[in-house]
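One structure is given here, and the rest of the page talks about it.
The values are calculated or read from the model by the stated rules, or taken from the named source; none is laboratory data. Being a predicted model, the structure only gives us computed values, none of them experimental. Cβ coordinates were reconstructed from backbone atoms using ideal geometry, including for glycine residues, and neighbour counts include every protein chain displayed.
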Amino acid sequence: MREWRKRIALAAALLVPALAAPALASSCSHEVVAQIRMPAGKACWTYRGTATSFVGAFLSGQAVSARMTGEETDYDPRSGSATKVSRPRDPNVEGPGGYFFGAPEAPGLLTFIAPASGTYRFSFSPCAMWGASGAVRICAR
């Protein structure tokens, strides 16, 4: 009986890494970073493309908003057709001193007051939208 348990344990130990491999290869593990560079005299920066994170500097007390949408594919099993649609993404932000905020004001919209001057990193979920084309608009006043 002991030999049987050892074989099951060995088989399980060999199987677990194989099951984890697809998760490591998913689109959710490939980060693409875009630098936020506000145009001179403008309060907003706009991006279109496949980036997954957006990094830029903001000042303490600035009112910052991030609006994000992205492409998804809707599949109709009855007809077998697939259609690309634009949907809101759920933005979140990380900043100086361990700051994190991810409570959208509305679908696809995040607003906050920057608590400190420094570098902020915006990202989004669901990660199933990573790698798909999207639009981002970040404003600071």
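Would you mind stating whether V93 is part of a strand (DSSP E or B), of a type in the set (V, I, T), closer than 20 Å to C28 by Cα and out of contact with any Gly (no Cβ under 9 Å at 6 or more places or on another chain)? Full working, then the answer.
Values: part of a strand (DSSP E or B): yes; of a type in the set (V, I, T): yes; closer than 20 Å to C28 by Cα: yes; out of contact with any Gly (no Cβ under 9 Å at 6 or more places or on another chain): no.
In short, no.
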- Query: Across region 83-95, what is the total count of residues that are among the polar types (S, T, N, Q) and surrounded by 16 or more Cβ atoms within 10 Å (Cβ to Cβ)?
  - Reply: 1
- Query: If you go through region 60-82, how many residues are on the phi > 0 side of the Ramachandran plot and either surrounded by 10 or more Cβ atoms within 10 Å (Cβ to Cβ) or in contact (Cβ under 8 Å) with a residue 60 or more places away in the chain (or both)?
  - Reply: 1
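Residues checked against (1) among the β-branched types (V, I, T); (2) modelled with pLDDT of 95 or more:
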{"position": "G41", "(1), (2)": "no, no"}
{"position": "Q62", "(1), (2)": "no, yes"}
{"position": "M68", "(1), (2)": "no, yes"}
{"position": "V93", "(1), (2)": "yes, yes"}
{"position": "G97", "(1), (2)": "no, yes"}
{"position": "F100", "(1), (2)": "no, yes"}
- Item | The listed residue being more than 20 Å from T50 (Cβ to Cβ), assigned to a loop (DSSP other than H, G, I, E, B) and of a type in the set (S, T, Y), out of S65, S79 | S79
- Item | Filter result (in a strand (DSSP E or B), surrounded by fewer than 15 Cβ atoms within 10 Å (Cβ to Cβ) and small (G, A, S)) within region 96-127 | A106, G118, S125
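Among the residues of region 13-32, is there at least one that is at pLDDT 95 or above and not β-branched (V, I, T)?
Quick first cut of region 13-32, residues at pLDDT 95 or above only: 32.
Those still in the list that are not β-branched (V, I, T) too: none.
Checked against the condition, which is being at pLDDT 95 or above and not β-branched (V, I, T), region 13-32 yields no hits at all.
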- Query: Taking A57, is it over 24 Å from S133 (Cβ atoms), among the hydrophobic types (A, V, I, L, M, F, W, C) and either at pLDDT below 95 or surrounded by 11 or more Cβ atoms within 10 Å (Cβ to Cβ) (or both)?
  - Reply: yes
